[in-house]
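Trainee: One structure follows; several queries about it will come next.
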Amino acid sequence: MFERFQAFLQNPVMFMMKSRFNIPQNITNPNDIINHLLQSGQITQDQYNTVYSKYRDLQQNGQLPKQ
């Protein structure tokens, strides 16, 4: 799973396009992608909150790869 997370960090747009998510090609900003996913019902606010919380935990513990 960490490999998939690293792939996401390296290129969020490409990762999302290859995933089950439907993201228009003209949306490339990570914040706009998140907003699109939330507004289109592809993810819930709870799902986003869970992922963001895990991201912050990894970041605070120094477990994220250096970019």
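All of the numbers you see were taken from the coordinates with simple rules; none came from a lab. Keep in mind that what you see is a predicted model, and the values were worked out from it rather than measured. Please note: Cβ atoms are built from the backbone with ideal geometry, for glycine as well, and neighbour counts cover all protein chains shown.
Trainee: Of the residues Asn11, Asn26, Asn49, which exhibits the maximal mean-square fluctuation in a Gaussian network model of the chain defined by a 10 Å Cα contact cut-off?
Mentor: Asn26
Trainee: Helix-only estimate, please: 222 nm mean residue ellipticity of the chain, summing -39500 (n - 2.57) across DSSP H runs of length 4 or more and dividing by its residues, to the nearest 500.
Mentor: Rounded to the nearest 500, the figure is -18500 deg cm²/dmol.
Trainee: Largest first and in whole Å, give the semi-axes of the chain's equivalent ellipsoid, each being the square root of 5 times a Cα gyration tensor eigenvalue.
Mentor: Numbers: eigenvalues 87, 44, 20 Å².
Listed largest to smallest, the semi-axes of the chain are 21, 15, 10 Å.
Trainee: Along the charge dipole of the chain, pointing to its positive end and built from +1/-1 on Cβ of Lys, Arg, Asp and Glu, which listed residue (Ile33, Tyr52, Gln63) has its Cα farthest out?
Mentor: Checked the options; the winner is Gln63.
Trainee: Report the charge-dipole magnitude of segment 2-60 in Debye, nearest 20, computed about the Cα centre from +1 at each Lys and Arg Cβ and -1 at each Asp and Glu Cβ.
Mentor: Details: 5 positive and 4 negative charges, 24 e Å.
Roughly 120 debye, rounded to the nearest 20.
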